[in-house]
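Working notes, structure below.
The values are calculated or read from the model by the stated rules, or taken from the named source; none is laboratory data. On a predicted model such as this, the values are computed, not experimentally measured, just so you know. Glycine gets a Cβ as well: all are built from the backbone with ideal geometry, and neighbour counts include every protein chain shown. Side chains are part of the model used for accessible areas, which takes the heavy atoms of the whole protein and leaves out ligands, DNA and RNA. Shrake-Rupley method; radii C 1.70, N 1.55, O 1.52, S 1.80 Å.
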Amino acid sequence: QVQLVESGGGLVQPGGSLRLICAASGSIFGPNVMGWYRQAPGKQRELVATIDLSGSTKYADSVKGRFTISGDNAKNTMNLQMNNLKPEDTAVYLCNAVRVGRYSTWGQGTQVTVSS
């Protein structure tokens, strides 16, 4: 019902910054919640951050103080500003958009690699 387009992934050195963006389209109903998940090889998918319609945000303990999630409900977009990146942040980052009772959609994912 909706499609997600992700951008901003890439290769950065430790301590560097990267900004991810996710855009949702194709539905007349906007999401209730949007979030970022990540999955590294050999590890389970984990929640990174979420933002809801009220602007309330949640972060995984591992990224608190370093990552900031923001969104535009009218545009159905959100950003993930990632600062002070560490090698352990290396993963495929996945965008998720949920409209309760309507849909739950995942993007294809964008690769973030933190390496010197």
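Just a few scattered comments:
- Taken along the Cα-to-beta-carbon direction at a fixed 7 Å, the label points for GLN39 and SER70 span 3.0 nm.
- Inter-label distance, nm, simple model (7 Å from Cα along the C-beta direction), SER54/SER7: 3.2
- Whole-percent carbon and sulfur share, accessible surface of the range 1-112, 1.4 Å: 48
- The mean sequence distance of close C-alpha pairs (under 8 Å, at least 6 residues apart), as a share of the length of the chain, puts its relative contact order at 37 percent.
- The residues of the chain present an accessible area of 54 Å² per residue when probed at 1.4 Å with all protein chains retained.
- About its Cα centre, the chain has a charge dipole of approximately 80 debye under the convention of +1 per Lys or Arg Cβ and -1 per Asp or Glu Cβ, with nothing else charged.
- Taking the alpha carbon gyration tensor of the chain, multiplying each eigenvalue by 5 and rooting it gives semi-axes of 24, 14, 12 Å, largest first.
- Cα-based reach from LYS43 at 28 Å (exclusive), listing lysines while leaving out same-chain residues under 8 positions away: LYS58, LYS64, LYS86
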